[in-house]
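Below is one structure, written out as structure tokens; comments come after it.
The values are calculated or read from the model by the stated rules, or taken from the named source; none is laboratory data. What you see is a predicted model, and the numbers here were worked out from it, not measured in a lab. Glycine also receives a Cβ, built like all others from the backbone with ideal geometry; neighbour counts cover every protein chain displayed. What goes into the accessible areas is simple: the full protein's heavy atoms, side chains included, and nothing from ligands, DNA or RNA. Shrake-Rupley method; radii C 1.70, N 1.55, O 1.52, S 1.80 Å.
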Amino acid sequence: KVKSQLEEKEGKTFDVFTAVEFKTQVVAGTNFFIKVHVGNDEFVHLRVFRSLPHENKPLSLHSYQSSKTKHDELAFF
């Protein structure tokens, strides 16, 4: 659901977009930290926010880190 948001921020499209790991953090909603394989040996780490159910808002890409590798630790950011 956030692939298009990342593509817009990066100014490119990703043929491969596969989540391989994730962590969650409960705040006033939920932060998801997701490691995504985007092709070759390239990965990005996404921070996606899901608001509380009663707010009825879509998932939003809060921030991301590019140029990651498969072995980079997925940490809160």
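Just a few scattered comments:
- An oblate overall shape is assigned to the chain, the ratio a/c of its alpha-carbon gyration tensor axes (a ≥ b ≥ c) being 1.5 or greater and a/b not exceeding b/c.
- Expected 222 nm ellipticity per residue - DSSP helices of 4 or more, -39500 (n - 2.57), all of the chain, to 500: -3000 deg cm²/dmol
- Cα-Cα over 19 Å, subset of LYS23/LYS70; LYS1/LYS70; LYS1/LYS68; LYS35/LYS70: LYS1/LYS70; LYS1/LYS68
- Accessible solvent surface per residue of the chain, calculated while the other protein chains remain in place, 1.4 angstrom probe, Å²: 67 Å²
- On the chain, 49 percent of the accessible area sits on carbon and sulfur atoms, based on a 1.4 Å probe.
- Ordering of 27-35, 49-57 by packing [mean C-beta count within 10 Å, highest first]: 27-35, 49-57
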